[in-house]
Amino acid sequence: MSKMQEGDKLMHKAAKAAAPSLMSMRLKADWETAAQLYGRAAQCYRQAGSLEKAVEAFEAASAANVSLGSLWQAAKDMEAAADFSQQRKQWGLAHRCYGRAADLYMSGGRHTTGADCLAKGARAIEEHEPEKAMAMVEQALDVYGTEDKGLLALDLYRQAIGTAILLQRFQQSAALQMSMASLCGSGGTARTSQCMAYLGG
């Protein structure tokens with residue numbers, strides 16, 4: 001049996017597990033089994049080189065894990081779907097999946113992990129969807145600010161500045177540099193970064 005056929009078989013089994021069955025005396029969906037089977041199917045499709053089907057399987061695994069209440073694993077599955085979407089150069093789908101993964105991380109209490117996922121997604125699509133990338137990195141900066149972890153977001157500021165320049169938003173780029181410099185100064189550390197920010201480095 002080829003990996004593609006194995007993946008198809010696992011997807012079929014997963015779909016059955018995700019649906020109640022009177023014949024099997026199962027009155028509600030078995031999300032745990034479904035999530036495991038969808039995840040195995042995704043790996044089979046990956047090995048077979050079918051990234052499109054791998055994305056579908058990871059999205060299904062994520063949905064099953066949401067139903068289980070396992071938001072961390074649901075986010076990991078959705079992030080995997082995003083990674084494969086990027087490899088397939090489906091920038092719109094990658095944007096949606098990275099955004100959904102970030103939402104799941106944050107819903108599970110992993111706010112900075114969600115912000116990092118947004119930043120990763122922004123880097124992945126920046127060249128092709130710079131407006132969407134800018135929105136993602138701005139959201140990530142907001143999360144770090146809300147968590148009072150701004151000093152850990154210096155790389156995010158640099159990323160946002162670069163994207164703003166790419167979009168020819170020079171006033172926004174300058175404002176971000178000033179915010180970054182102010183942040184460095186407020187912490188009493190990272191003076192080199194502060195000087196570089198003021199100088200536009």
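Test Ala124 against the stated conditions and say whether it is open to solvent by less than 50 Å² (accessible area, probe 1.4 Å), at pLDDT 90 or above and among the aliphatic types (A, V, I, L, M). Yes; evaluated as a whole, the condition is true for this residue. When Trp72, Trp91 are checked against the criterion of being open to solvent by 10 Å² or more (accessible area, probe 1.4 Å), closer than 30 Å to Lys28 by Cβ and more than 10 Å from the chain's Cα centre (by Cα), a single residue qualifies: Trp72. Whenever a residue of the range 97-117 is hydroxyl-bearing (Ser, Thr, Tyr), its partners that are in a loop (DSSP other than H, G, I, E, B), lying with C-beta atoms within less than 8 angstrom and at least six residues away or across chains, give the pairs Thr112/Glu147; Thr112/Lys149.
The values are calculated or read from the model by the stated rules, or taken from the named source; none is laboratory data. If you're wondering where the values come from, they're calculated on a predicted model, not measured in any experiment. Backbone-built Cβ (ideal geometry, glycine too); neighbour counts: all protein chains shown. Side chains included, ligands, DNA and RNA excluded: accessible areas come from the protein's heavy atoms. Shrake-Rupley method; radii C 1.70, N 1.55, O 1.52, S 1.80 Å.
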